[in-house]
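**Q** Please find one structure pasted underneath; my questions will follow.
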Amino acid sequence: MHQDIPNSQFFVFKNNEAVFLPATADYAVSVTATGNGTFSLSFTLTDSAGSPAKVISFNDVPITVASRAQLSLKAPLVSEVLQLDVNGDGNTDFVIKANQLPPTESYIAVLRSLIQSFHLKPALNIDLDVILRAALDALQRGRTTPVQGQLAAFKAKLLAQSGKLLTASQVAVLIEIANKATASFSR
């Protein structure tokens, strides 16, 4: 983040950073993931008097270390969206609206991408991917109960392999994202 934006304020905290931006200018924001999991991005736009005029938030966005995201903030700010490229191939995979949770499909796509990136034994890779594809299929048919069941089965399979074919840290990040997937369609 450049700190040379006129009439802006930039703050660095232990676990995050914050910026106040004038609501009258245009901004291009690029996000490059530094790890696997989720991130949140919020902007508080101020009016000419420096008072908060609008808050734009993107919360619990699922990512892999390869993920990229783009956001254009153009005055007047009416409908902001974050373009998420899950696997860093340069193509937008999901469009996330400001002040709304990401779509459940984005969590499942990130889970599938992470499973592939971990270079697991083929049998485990296939087992986990089959579960996630079944969850995605049920979700696309609008059937949330099977999605919940598939995600529960996914988490159980992860826990059974923790310390064996999966590291504890791999299991932790996968379960974190699976839990947020479940929460995203339970809203």
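**Q** Ranked highest first by average number of other Cβ atoms within 10 Å, how do 31-43, 97-109 line up? Spell out each step's value before the answer.
**A** Details: 31-43: 16.0, 97-109: 19.8.
Listed from highest to lowest mean packing, they are 97-109, 31-43.
**Q** For Arg133 and Asn99 in one chain, what is 0.36 nm times their gap in residues minus the Cα-Cα distance, to one decimal in nm? Before the final figure, lay out the partial values.
**A** Values: separation 34, 0.36 × 34 = 12.24 nm, distance 2.76 nm.
Using 0.36 nm per residue and subtracting the Cα-Cα distance, I get 9.5 nm.
**Q** Please find the FRET efficiency linking Leu159 to Val55, where r is the Cβ-Cβ separation and R0 is fixed at 25 Å, and quote it to the nearest 0.05.
**A** FRET efficiency, Leu159 to Val55: 0.10.
**Q** Rounded to the nearest 500, what is the 222 nm mean residue ellipticity of the chain from helices alone, with -39500 (n - 2.57) per DSSP H run of 4+ residues and division by all residues? Show your work: numbers first, answer last.
**A** Working: 4 runs with 69 residues, N = 187.
So the helix-based figure for the chain works out to -12500 deg cm²/dmol.
**Q** Compute the separation of the alpha-carbon centres of segment 157-187 and segment 1-69 and state it in Å as a whole number.
**A** Segment 157-187 and segment 1-69 have Cα centres spaced 28 Å from each other.
**Q** Within segment 43-63, find all residues whose amide N lies under 19 Å from a label point positioned 7 Å from the Cα of Ala18 along Cα-to-beta-carbon.
**A** The answer is 43-60, whose backbone nitrogens lie closer than 19 Å to the label point.
**Q** In terms of Cα to Cα distance under 20 Å, which lysines are near enough to Lys180, apart from those fewer than 8 places away along the same chain?
**A** Lys97, Lys155, Lys157
**Q** Still on this model: Under 16 Å from the Cα of Lys74, which aspartates and glutamates turn up, not counting those fewer than eight places away in the same chain?
**A** Cα-Cα hits under 16 Å: Asp26, Asp47.
**Q** Label points 7 Å out from Cα along the Cβ direction at Asp4 and Gln83: separation in nm?
**A** Using points 7 Å along Cα→Cβ, the separation is 2.6 nm.
**Q** Separate question: Quick one: if the Förster radius is 25 Å, what FRET efficiency do Thr167 and Ser30 give, using the C-beta to C-beta distance and rounding to 0.05? Before the final figure, lay out the partial values.
**A** Working: r = 30 Å, r/R0 = 1.21.
Computed FRET efficiency for Thr167 and Ser30: 0.25.
**Q** Once label points are set 7 Å from the Cα along Cα→Cβ at both Asp47 and Ser117, what is their separation, rounded to one decimal in nm?
**A** The answer from the label model is 4.2 nm.
**Q** Okay, moving on. With +1 on each Lys and Arg Cβ and -1 on each Asp and Glu Cβ, how big is the dipole of the chain about its Cα centre, in debye rounded to the nearest 20? Mind dumping the intermediate values first?
**A** Details: 15 positive and 14 negative charges, 137 e Å.
Roughly 660 debye for the chain.
**Q** I've got another one for you. Using modelled amide H (1.01 Å from N, peptide plane; none on Pro or chain starts), what sits under 5 Å from the amide H of Asp93, excluding residues fewer than 5 places away?
**A** Residues meeting the criterion, in which the H sits 1.01 Å from N, are Leu84, Asp85, Val86.
**Q** How large is Rg over Rh for the chain, taking Rg from the Cα atoms and Rh as the Kirkwood inverse mean of 1/r across Cα pairs? Spell out each step's value before the answer.
**A** On the way: Rg = 18.5 Å, Rh = 17.9 Å.
Result for the chain is an Rg/Rh of 1.04.
**Q** With Rg and the Kirkwood Rh both taken from Cα atoms, where does Rg over Rh land for segment 9-100?
**A** On the way: Rg = 13.6 Å, Rh = 13.9 Å.
With Rh from the inverse mean 1/r over Cα pairs, Rg/Rh is 0.98.
Where a number appears in this text, it was derived from the coordinates with a stated rule and is not lab data. Values in this document were obtained by computation on a predicted structure and should not be read as measured data. Using ideal geometry, Cβ is built from the backbone for each residue, glycine included, and neighbour counts are taken over all protein chains shown.
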